[in-house]
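The values are calculated or read from the model by the stated rules, or taken from the named source; none is laboratory data. Quick caveat: nothing in here was measured; it's all calculated off a predicted structure. Cβ placement follows ideal geometry from the backbone for every residue including glycine, while neighbour counts extend to all protein chains displayed.
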Amino acid sequence: MELQRRGVELSVNFIVGLILAIAVLTAGLFLLGKIGNNSESILETYRTQYMKDMEKLACPSEEYVCIGTVKRDTSIGRAVGYTLRVLNAEDTAKTFTISITSKTTPPNADASKILFLPKSTETYTINSGDSQEIPIVLYPQPGTTVGTYAFLVKVTDATDSADYGAPKLIYLIVR
């Protein structure tokens with residue numbers, strides 16, 4: 001009888017220990033998953049900040065018009081952004097417009113399938129001696145031909161329509 005009771009106790013202890021082990025393993029896997037998800041988010045934040053810092057370094061402070069990274073690649077249906085920095089070196093506040101036009105396209109491609117911002121109707125007023133970062137977004141819509149596209153970015157003085165700074169070429173590689 002004593003032997004049977006010990007056997008039952010051992011069986012109960014084993015089952016309780018097994019349940020506790022499964023609970024601890026499940027909690028550990030859950031915690032590991034949370035750490036993995038957070039680390040991806042942290043890495044993406046650092047990667048984004050790093051790219052912004054590199055774009056700032058790529059633009060000398062005396063250049064009137066600058067685009068830090070001029071070549072990006074993306075897939076169809078996924079937008080991609082560039083940063084245009086405009087420095088107002090004039091003695092007064094100036095209003096500028098940005099125009100983006102297609103320069104070259106892959107064979108048999110239609111550049112109108114790529115949407116872009118800002119539109120040429122938008123204006124930007126920049127105080128004397130200040131600079132402003134203006135986001136440029138290109139979005140290849142479904143039906144866009146795969147290949148490399150080039151776009152000419154021009155900054156124009158809105159009051160007299162004269163070019164401000166040198167026009168810049170940006171490239172979009174659609175995969």
**Asked** Among the candidates 14, 96, which residue alone is in contact with a Phe, Trp or Tyr (Cβ under 9 Å, 6 or more places away or on another chain) and either exposed (fewer than 12 other Cβ atoms within 10 Å of the Cβ) or of a type in the set (Phe, Trp, Tyr) (or both)?
**Response** 96
**Prompt:** For region 119-152, what are the residues that are among the polar types (S, T, N, Q) and farther than 16 Å from residue 97 by Cβ?
**Reply:** 127, 128, 131, 141, 144, 145, 148
**Residue identified as assigned by TED's automatic domain parsing to the domain that holds residue 90 and under 22 Å from residue 112 (Cα atoms) among 129, 143** = 143
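Where in region 90-159 are there strands (runs of 3 or more DSSP E), lying fully within it, with 3 or more residues that are free of Cβ contacts under 8 Å to residues at least 60 places away in the same chain and of a type in the set (Ser, Thr, Tyr)?
Here the list reads 94-104, 123-126.
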**Asked** In region 136-161, how many are of a type outside the set (A, V, I, L, M, F, W, C), exposed (fewer than 14 other Cβ atoms within 10 Å of the Cβ) and under 25 Å from residue 109 (Cα atoms)?
**Response** 3
**Item:** Residue that is surrounded by the fewest Cβ atoms within 10 Å (Cβ to Cβ), among those in region 70-89 that are in a loop (DSSP other than H, G, I, E, B), touching a strand residue (DSSP E or B) at 6+ places or on another chain (Cβ under 7 Å) and of a type in the set (A, V, I, L, M)
**Value:** 79
**Test: residue in region 106-120 that is crowded, with 17+ Cβ neighbours inside 10 Å, modelled with pLDDT under 90, closer than 27 Å to residue 49 by Cβ and not assigned by TED's automatic domain parsing to the domain that holds residue 50** = yes
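Got a number for residues in region 57-69 being buried (at least 18 other Cβ atoms within 10 Å of the Cβ) and farther than 14 Å from residue 170 by Cα?
From region 57-69, those buried (at least 18 other Cβ atoms within 10 Å of the Cβ) are 59, 65-68; that's our starting set.
When the remaining residues are screened for being farther than 14 Å from residue 170 by Cα, the result is 59.
So the count comes out to 1.
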